[in-house]
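A quick write-up on the structure given underneath.
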């Protein structure tokens with residue numbers, strides 16, 4: 001009996017499970033369609049920032065989630081028995097039989113009721129109990145889904161925002177190179193010296209201006225023409241700053257001072273460093289220099305030379321250097337402490353000159369780097385190849401490529417071209433040869449020959465007298481010059497023949 005009851009109620013329960021899945025999926029489709037329509041309308045009307053992919057995913061996920069909810073909803077035999085009793089008006093016979101089935105011992109009355117219920121259940125059809133027609137929300141959900149699909153396929157009026165073009169890669173690369181080179185100036189400016197405070201202030205200002213121009217190169221919308229203009233501006237600023245460092249004049253005066261100091265043995269090492277432009281080494285030795293021990297001759301010579309250098313430095317406007325040389329000259333004469341004081345001032349000037357030369361070298365190398373950067377920026381702006389397609393739309397890239405215009409027919413030659421073919425071989429046929437001789441020409445040639453002969457004859461005689469040449473080779477050289485020596489009888493004979 002149990003198996004008979006289960007075989008009747010199991011198809012009913014299966015159809016109830018399928019109906020629950022379809023019902024929940026319909027409700028899920030309806031909810032997803034409503035939300036998708038809301039998002040699509042908001043995107044079209046109010047410019048909501050909602051992606052199309054997210055709305056499509058929402059529309060597909062609604063019925064899927066509803067179907068999963070219906071699939072996991074439990075469907076019992078008790079619910080199937082209630083549905084059978086309600087459909088066939090069995091007055092709870094199927095439900096009573098299901099309850100009797102769960103009891104282990106059944107009385108005689110219960111067995112009779114069980115048999116009566118099974119007899120009535122023989123005519124039960126599962127499709128009559130549970131009809132699998134489309135649920136009512138399915139129609140609304142399908143209509144909403146169609147509306148949502150239409151709204152998603154509707155073209156969105158995207159606003160095109162005009163903005164500057166992205167920075168060019170080659171310009172960004174050159175800007176990074178320049179910024180890296182400017183860090184060398186930072187390292188130099190960290191070691192500030194009071195003797196060159198004013199140039200350092202100008203250099204600091206220049207480096208800041210160059211950094212601002214480098215940042216402008218990195219901004220969007222900078223084309224090649226504007227980049228070249230900014231690089232030229234940077235190069236002009238560097239050249240103007242470079243002109244302030246006139247190191248050649250100071251180098252000449254430092255060399256003169258070094259030559260003067262090399263006349264005394266006590267100051268020879270520092271003077272040699274100044275002559276060789278090794279200013280750091282010279283500054284170190286000058287700072288450690290005390291009153292030198294000079295004899296009378298060295299003292300007088302050193303004093304005269306230092307005074308002369310001090311006068312020259314003062315005339316060209318190098319006051320500090322002139323003052324240092326004057327004090328050293330006074331110290332060489334015998335002034336106590338004057339030579340040491342002057343040497344320390346000269347050491348400061350040597351440090352300043354070394355620093356100025358370093359700055360000028362950096363400025364020159366940076367100018368060369370900017371020239372290279374200008375070439376790298378403009379090297380990709382030439383003609384990029386033939387484009388046979390003719391463009392009729394206006395463009396700002398004129399001159400960047402060929403026009404693509406087809407060549408027309410060549411213009412016909414209207415002139416008469418008369419061509420004559422000359423046959424035959426060279427040196428064939430009659431020819432006339434006229435040879436003229438001039439006495440002046442022969443005499444000029446003879447004089448030239450004699451001059452050349454005399455020149456090399458003197459060279460050979462000097463070699464024979466000064467070089468250890470073997471005797472046989474000496475005789476051969478003399479014989480050679482005897483053979484080529486011009487004779488007076490040959491000259492008279494040639495003149496008579498003429």
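Here are a few things to note about the model shown:
- Pairwise centroid distance, computed over Cα atoms, of segment 297-354 with segment 413-468, Å: 70
- Taking the average, over residues, of other Cβ atoms within 10 Å as the packing measure, peptides 322-330, 260-268, 40-48 rank 322-330, 260-268, 40-48 from highest down.
- Pairwise centroid distance, computed over Cα atoms, of segment 36-105 with segment 1-33, Å: 9
- Annotation: the residues 422, 178, 477, sorted from fewest to most other C-beta atoms within 10 Å of their own C-beta, follow the order 422, 477, 178.
- Peptides 446-454, 424-432, ordered by how many other C-beta atoms sit within 10 Å of their residues on average, highest first, read 446-454, 424-432.
- With the convex hull drawn over the C-alpha atoms of segment 449-491, the volume per residue is 62 Å³.
- Cα-projected label distance for residue 471 with residue 187, points at 7 Å along beta-carbon direction, nm: 7.5
- Percentage, to the nearest whole number, of Cα pairs in segment 210-328 over 18 Å apart: 62
- Exposure proxy order (Cβ contacts within 10 Å, fewest to most) of 244, 307: 244, 307
- Estimated inter-spin distance, residue 311 and residue 439, nm [label 7 Å along Cα→Cβ]: 7.0
- Relative contact order %, segment 2-153, counting alpha carbon pairs below 8 Å whose residues are six or more apart: 41
Every read-out reported here was derived from the displayed coordinates using simple, explicitly stated rules and does not represent laboratory data. None of these values were measured; they are calculated from a predicted model. FYI the Cβ positions are ideal-geometry reconstructions off the backbone, even for glycines, and counts take in every protein chain you see.
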